[in-house]
Each structure stands twice: as structure tokens, then as C-alpha cells.
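The values are calculated or read from the model by the stated rules, or taken from the named source; none is laboratory data. Everything numeric in this text was worked out from a predicted model, so none of it was measured. When we count neighbours, we look across all protein chains shown, and the Cβ atoms used for this are built from the backbone with ideal geometry, even at glycine. For accessibility, only protein heavy atoms count, side chains too; no ligands or nucleic acids. Shrake-Rupley method; radii C 1.70, N 1.55, O 1.52, S 1.80 Å.
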Amino acid sequence: MKLMINIGIPSKGRLKKDIIKVFSQNKLHLFSERGKRDLFAFVKKYKDIRIIYLHAREIIERLADGSLDIGFSGYDLLKESNVNIQKKINVIKKYNFGLADLVLAIPSQWIDVQTVADLEEIAFILKEKKNQRIRVATKYPNLTKEFLYSKGVTQFKLVYSLGATEAYPLSGSSEIISDITSTGETLRANNLRILIDGKIISSQACMIVAKKSVKKKNIKKFIKLFPKE
Amino acid sequence: MKSKNLSEKILRSIKSKGFKYINLPSVIEANHIVQRSGESFREFIFSFVDQNGSELCLRPDLTIASSLRYLEKNLNSKEKIFYSGQAYRKSNNKKDSIIRDQVGFEIIGSKDEKNDDKEIIDTALKALSNLSYLKGTLKIGNVEIFNLLISKLDIPKRWKLRLLRHFWREEYFNDLLKRLETNSDVDPTIVEVDKKRYSKMLSEKQQTIIAGRSIQEILKRFDNKIKDPRKASRGKNVSKIIKEFLKINCPIDQAASQLNIFFKKNRISLIVEQNYFPTSLNKIQKLNVEFSTSFGRHLEYYTGMVFKIDIKSKFKNINIINGGRYDKLISNLGSKKKVPAVGAAININYK
């Protein structure tokens with residue numbers, strides 16, 4: 001009996017559609033037994049493959065704990081995950097979709113702040129004169145913290161956001177934000193501006209494999225079904 | 001150090017110099033640490049939340065616990081104290097132990113700074129005399145000299161503050177020097193666009209707050225920045241001076257003369273006397289005594305004299321004692337006034 005390959009695909013959004021497209025381009029047709037809401041799917045003619053639809057963040061974690069063998073997710077989410085998780089997985093392919101940058105954005109009216117060095121100075125002034133630390137709202141605390149620290153900004157406080165981060169400065173929940181953006185439109189619409197050197201990381205969709213699974217014969221075979229882009 | 005006797009001998013020699021033993025709490029409020037060292041320090045502390053929702057942590061070092069004690073007891077007189085115990089800190093290096101045994105001694109709240117610096121070094125040397133070693137180095141630096149040099153350089157104030165703030169972070173400091181050599185912090189194209197917004201903002205209510213900053217504050221800083229550009233050639237020269245300064249490394253008895261030659265050559269109006277340094281002896285016990293301008297960058301909280309003692313014992317180099325002056329630590333932790341403090345810690349975990 002062949003071992004089952006468990007593959008994680010994002011359960012919604014543009015990323016899900018684009019990944020399913022990659023499957024069909026490679027003649028792998030997905031079907032679900034219980035309709036559109038079914039969180040499991042199979043691949044026609046491949047009985048040993050099981051597809052599980054999950055949150056893109058969770059795909060990374062499930063790869064690390066071994067419940068998935070292969071997963072499709074964003075490079076940003078992979079780099080945001082903790083080091084112990086990253087040690088257990090490998091990026092196999094990167095795709096030309098899901099392209100977006102994680103950036104640091106400030107209120108547009110802060111015209112005196114153009115670079116992260118300016119921001120560092122503002123953070124320092126806030127700390128010295130008002131005994132406050134600049135608040136940075138983000139869904140990416142690890143990458144943001146690392147980036148700010150590497151650029152000399154040490155006096156800040158992270159505000160963990162679950163969504164609609166762009167609204168935080170206007171609602172008074174934070175002074176600045178870091179968020180993922182592809183066109184910058186949502187940032188501009190919310191009166192935010194990206195710092196000149198405020199790009200934290202460039203992201204794209206990836207195929208990721210659990211290190212534990214990488215040597216399994218049928219996994220290698222499956223990966224070969226997806227030619228290089 | 002495996003011998004309990006040796007550890008006791010060290011404690012006795014510190015006590016014999018007039019230091020009083022104190023006990024320190026093992027758990028402190030994490031907020032104190034984060035407030036002082038920023039968010040990234042969280043990675044190194046073992047923290048947890050108590051039943052009231054307050055974030056607490058195991059003491060990451062004993063100096064912070066001792067400074068908090070001084071602050072919380074509302075003390076304002078001179079104290080000569082010593083303590084011994086464990087500090088708990090995570091490390092990126094797997095070989096490092098998370099538990100570090102420390103013996104520390106400090107002089108807090110005294111204004112006799114030069115003599116106190118000397119007394120801390122003398123006490124460290126006395127404690128060291130309990131150990132057997134072949135040879136070693138006592139390296140002395142002084143962050144204050146760097147601060148004075150920066151204050152004399154021909155660069156905008158914001159750059160001086162930047163360099164002072166990041167002296168202790170070597171990699172980032174070098175990035176700053178590279179940037180100082182260009183003029184990349186003012187982009188003329190963006191400034192032109194922002195000038196339009198500037199004019200518009202001038203007509204708005206100046207006290208309006210935008211994400212924690214008033215329009216008045218923003219416009220004032222914008223104005224200062226535009227009026228204060230740097231010529232790239234001037235930045236290059238300043239960077240060269242700083243790099244050259246940080247290379248000065250000599251026997252301690254030549255510290256003042258080497259610095260004065262440097263200041264004269266670069267037309268910097270500073271003179272340092274040899275008695276500014278805690279000693280002029282090039283050899284103490286089995287230690288070579290050296291001065292280094294770049295030494296003292298490893299810890300953010302040092303503000304003046306800083307020193308370390310490395311010894312060679314059984315083919316191994318061991319960093320055995322570290323110390324220095326940290327006059328801003330207690331005020332950073334919440335004291336309204338500046339409290340002078342100098343101290344040292346002995347590493348008793350070496351094998």
C-alpha cells in the first residue's frame with residue numbers, strides 16, 4: 001500500500017485560485033467529494049494524494065509538525081514563522097504570483113520622515129520627550145522587529161494586528177504600521193506612505209516541503225510533476 | 001570555577017574593600033527591561049504573566065536587579081554593595097548556558113567618579129588575585145571621550161545624536177558612517193513634492209495631532225532638515241576622523257599622549273590629561289594594561305570608563321571580569337534624577 005501524500009493549499013482568496021491553476025496547467029485536476037465547502041480534495045488519477053485546504057499561515061505550521069508533506073503558501077509567512085519551524089521545511093519552487101512586499105508605512109503628513117533613519121530619530125524623540133515608545137501595528141511581528149532592529153530602531157512597541165492594519169494610525173491604535181502590499185493602493189487610500197528604504201521583504205507564492213518528507217519516493221515523484229517556472 | 005572555596009575567597013576580598021552584601025530578587029518586571037533596552041531584548045529574557053496580568057521575568061543580569069532595588073527603595077546616598085547569584089538569559093549560541101553565576105559589586109549614588117572608577121578596578125584586581133593564571137590583559141576604554149569627540153565634529157546635530165545613540169552597535173554604526181559619507185537622508189525629488197504639502201500644512205491648525213505628533217512638530221523638523229544639508233565631502237572627512245579615532249590602541253601610559261596627538265592632527269579642540277585614566281601602570285599583577293578607544297561598545301548602558309580583564313589559564317583565554325560606569329541606567333529605569341553608578345561583574349562559570 002502506498003503512503004498518502006498530504007498537500008496543503010490555502011483555503012481562500014487569490015492564492016488558492018492561482019495554485020489550483022498551477023495544478024490544472026500540469027494536468028492535475030482537483031475534485032472534492034462534498035462540494036465547494038469541502039476542506040478536502042483529491043487529484044484525479046492519483047489515489048495517493050490528499051489535498052487539505054487550510055489557512056496559508058497554518059500550512060507552514062502543519063508542514064513543520066509533519067501533518068503535511070507539501071504545502072503552498074506565501075514566502076512572507078514562511079519567513080515570519082519562528083526559527084524552529086523554518087528549520088523543518090524547505091522551499092522547493094517560487095512562483096510568479098502572490099507577489100507583494102512587506103513594507104513599513106507612516107502617516108503621509110509626516111513629511112519630515114522619509115527614511116528609516118528619520119523614523120529612528122522620531123522614535124528616540126518620543127521616548128526622550130514624551131516617555132512613549134512608537135507603536136508599530138503589524139501582522140508580521142517577527143520580520144518587523146528584526147528589520148527595525150537591523151536599521152537601528154530599538155525604541156518601539158509592537159501592536160499585534162489581525163487585519164485592516166492600515167486603519168490603526170488613524171484610529172489612534174498605533175503611530176505607524178508594517179503591512180503587505182502589492183500596488184500600495186490601500187495604503188494610499190488610508191493616508192499612509194511607504195518609507196524610501198522601508199521594504200522589509202519581497203514575497204511570492206512558494207511550494208514548500210517538509211524536510212522529513214523530502215526523501216520519500218512518491219514525494220519526489222510528485223514534485224517532478226511541477227516543471228520549473 | 002568549581003571550587004566553592006575560591007568563590008568564597010572572592011566574596012571575602014570584595015567585602016574587605018568595604019562593600020556590603022545585599023540580596024536581590026530573582027523575578028523583576030519585564031517592562032523595566034523592555035523600557036530600557038527596547039523590544040528586541042524580549043528574545044533574551046524568560047518572561048511570564050502573573051495573575052494580575054503583569055509581565056514578569058527572571059533577572060537577565062544582576063546589575064539591572066540591583067539598580068531597580070536602589071530605585072525602588074528610594075535611596076539617594078552613596079552605597080557600596082556586592083551580591084552573588086544566578087542570572088537567566090537566552091542566547092543564540094547553543095553552547096551558552098542559560099544560567100550564569102555572577103558575582104557583582106557596585107558603587108552607586110557617589111559623585112566622586114574618578115576615585116570610584118579606580119576603586120572598582122582595584123577591587124576587581126584584588127578579587128582576581130585569588131585565581132591562578134599565567135598572564136592576561138586589563139583593557140580600559142572610555143565612552144565619554146568618544147562622546148566629546150562627536151560633540152566637536154562639524155556635522156548636523158541630528159547626525160551627532162545618531163552616532164552617539166548607536167556607538168554600541170558596531171555593525172549599524174558602520175552603516176551610519178557609510179551614509180554619512182553620502183547625503184542620502186535628504187532626497188531632493190521627494191522634498192520638492194513634500195514642500196507642496198508643507199505649504200498646505202502651514203495653513204492648518206498647528207496643534208492638530210497626527211499619529212502622536214503635532215503639525216507644528218512635523219513642520220519644525222522638516223524645516224530643520226531642509227536647512228541643514230551636509231556636503232558629501234564634509235561627511236567623508238568626519239567619517240575618516242571617526243574611523244581613525246576608533247583605531248587608537250596603546251599601552252595605558254600612552255593613552256593621553258596618543259589621544260592628544262590625534263586631536264591636534266585633526267584640529268579638534270580637546271586635551272586629555274593622563275590622570276583622567278584610572279591607572280598609568282602598564283603592568284599590574286600578571287596583566288598587561290591597554291587602552292582602546294573602540295572598547296566599550298559591547299553594552300549599551302556604559303557611559304564612561306569601561307574595562308575588562310581576560311586571563312590565560314591552561315591554554316584557554318577567559319573573559320573573567322567586566323565592568324564600567326553606567327550613570328544613565330537608573331534614570332532609564334525610572335529615576336527622575338541622574339544617579340552615578342559604577343560596577344563590575346565576575347564570571348564564575350568559566351571552566
**Message:** Along its three principal axes, how long is the range A:1-153 when you only count alpha carbons? Whole Å, largest extent first please.
**Reply:** 68, 31, 25
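Would you please put B:286-295, A:87-96 in order of how densely packed they are, using the mean number of other Cβ atoms within 10 angstrom per residue and starting with the highest? Could the numbers behind the result be given before it?
Details: B:286-295: 19.6, A:87-96: 15.2.
Taking the mean over residues of other Cβ atoms within 10 Å, the ranking is B:286-295, A:87-96.
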**Asked** Given a cut-off of under 8 Å on Cα pairs at least six residues apart, what relative contact order in percent is computed for the range A:1-74?
**Response** 43 percent
**Asked** Can you tell which of B:56, A:223, A:77 lies farthest toward the positive end of the dipole of the protein assembly as shown, using +1 and -1 charges on the Cβ of basic and acidic side chains (Lys, Arg; Asp, Glu)?
**Response** A:223
**Request:** For the protein assembly as shown, build the charge dipole from Cβ charges (+1 Lys, Arg; -1 Asp, Glu) around the Cα centre, then report which of A:97, A:181, B:268 sits farthest towards its positive end.
**Result:** A:97
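How large is the Rg to Rh ratio of the range B:224-284 when both quantities use alpha carbon positions and Rh follows Kirkwood? Please list the in-between numbers first.
Details: Rg = 15.8 Å, Rh = 13.7 Å.
Ratio of gyration radius to Kirkwood radius for the range B:224-284: 1.15.
Taking the Cα centre of the protein assembly as shown as origin and charging only Cβ (+1 Lys, Arg; -1 Asp, Glu), how large is the dipole, in debye to the nearest 20?
Numbers: 109 positive and 62 negative charges, 398 e Å.
Using only the charged Cβ atoms, the result is roughly 1900 debye.
Can you tell me the accessible area per residue over the range A:121-229, all protein chains present, probe 1.4 angstrom, in square angstrom? Each step should come with its number before you reach the end.
Values: 5520 Å² over 109 residues.
Ligands and nucleic acids excluded, the figure is 51 Å² per residue.
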**Prompt:** Mind checking the log10 I(q)/I(0) for the protein assembly as shown at q = 0.08 Å⁻¹? Debye, one equal scatterer per Cα, no solvent, two decimals.
**Reply:** -0.72
**Request:** With a ≥ b ≥ c taken as the square roots of the eigenvalues of the C-alpha gyration tensor of chain B, please select rounded if a/c is under 1.5 and otherwise prolate if a/b is larger than b/c or oblate if it is not?
**Result:** oblate
**Message:** Rounded to two decimals, what is the ratio between the C-alpha radius of gyration of the range A:174-220 and 2.2 N^0.38 Å?
**Reply:** 1.91
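Beyond 18 Å, what share of the Cα-Cα pairs of the range A:87-209 remains, rounded to the nearest whole percent? Before the final figure, lay out the partial values.
Details: 3964 of 7503 pairs.
Counting every Cα pair in the range A:87-209, those more than 18 Å apart make up 53 percent.
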**Part-to-part distance (alpha-carbon centres) for the range A:158-189 and the range B:283-351, which is given in Å** = 43 Å
**Request:** On the protein heavy atoms, probe 1.4 angstrom, tell me the percent of accessible surface of chain B carried by carbon and sulfur.
**Result:** 50 percent
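Within a 10 angstrom radius of each residue's Cβ in B:157-165, how many Cβ atoms of other chains show up on average? Whole number is fine.
Per-residue shielding by partner chains comes out at 2.
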**Message:** Under a Cβ-only charge scheme (Lys and Arg +1, Asp and Glu -1), can you give me the dipole magnitude of the range A:114-226 about the Cα centre, in debye to the nearest 20?
**Reply:** 1200 debye
**Message:** Quick check on the range B:76-234: take the gyration tensor over C-alpha atoms, sort the square-rooted eigenvalues as a ≥ b ≥ c, and tell me if it's rounded (a/c under 1.5), prolate or oblate.
**Reply:** prolate
**Request:** Evaluate peptide B:213-221: per residue, the Cβ atoms of other protein chains within 10 Å of its Cβ; return the mean as an integer.
**Result:** 4
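Place the peptides A:165-172, B:244-251, B:302-309 in order of packing, highest mean first, counting for every residue the other Cβ atoms within 10 Å and averaging per peptide.
B:302-309, A:165-172, B:244-251
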**Request:** Per DSSP H run of n ≥ 4, the term is -39500 (n - 2.57); total these for chain B, divide by its residue number, and report the mean residue ellipticity at 222 nm rounded to 500 deg cm²/dmol.
**Result:** -11500 deg cm²/dmol
**Request:** Using the Karplus curve 6.51 cos²θ - 1.76 cosθ + 1.60 with θ = phi - 60°, work out ³J(HN,Hα) for each residue of the range A:127-140 in order, rounded to whole Hz, and write x for Gly and Pro.
**Result:** 5, 6, 8, 10, 6, 10, 10, 4, 9, 10, 7, 6, 9, 10
**Complete:** One would report the Cα pair-distance distribution of the range B:144-184, bin width 10 Å, in %, as 29, 62, 9
**Contact surface A-B: accessible area buried, both sides summed, square angstrom, 1.4 angstrom probe** = 3200 Å²
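Summarise the partner chain shielding of A:213-222 as one whole number: the mean count of Cβ atoms from other chains within 10 Å of each residue's Cβ.
Details: counts 0, 0, 0, 0, 0, 0, 0, 0, 0, 0.
Averaged over the peptide's residues, the number is 0.
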**Message:** Can you order the peptides B:76-88, B:261-273 by their average number of other Cβ atoms within 10 Å per residue, highest first?
**Reply:** B:76-88, B:261-273
**Prompt:** Which residues, if any, in the range A:149-168 have at least 30 Å² less accessible area in the whole protein complex than in the isolated chain, probe 1.4 Å?
**Reply:** A:149, A:152, A:154, A:155
**Prompt:** Based on the Cβ-Cβ distance of residue B:147 and residue B:20, what FRET efficiency does E = 1/(1 + (r/R0)^6) give at R0 = 30 Å, to the nearest 0.05?
**Reply:** 0.40
**Request:** Along Cα→Cβ, 7 Å out, is where each label goes; now give me the distance between the ones at residue B:76 and residue A:212 in nm to one decimal.
**Result:** 6.2 nm
**Request:** Pairs of lysines 8 or more apart, or on different chains, with alpha carbons under 21 Å: count those in the range B:285-351, would you?
**Result:** 14
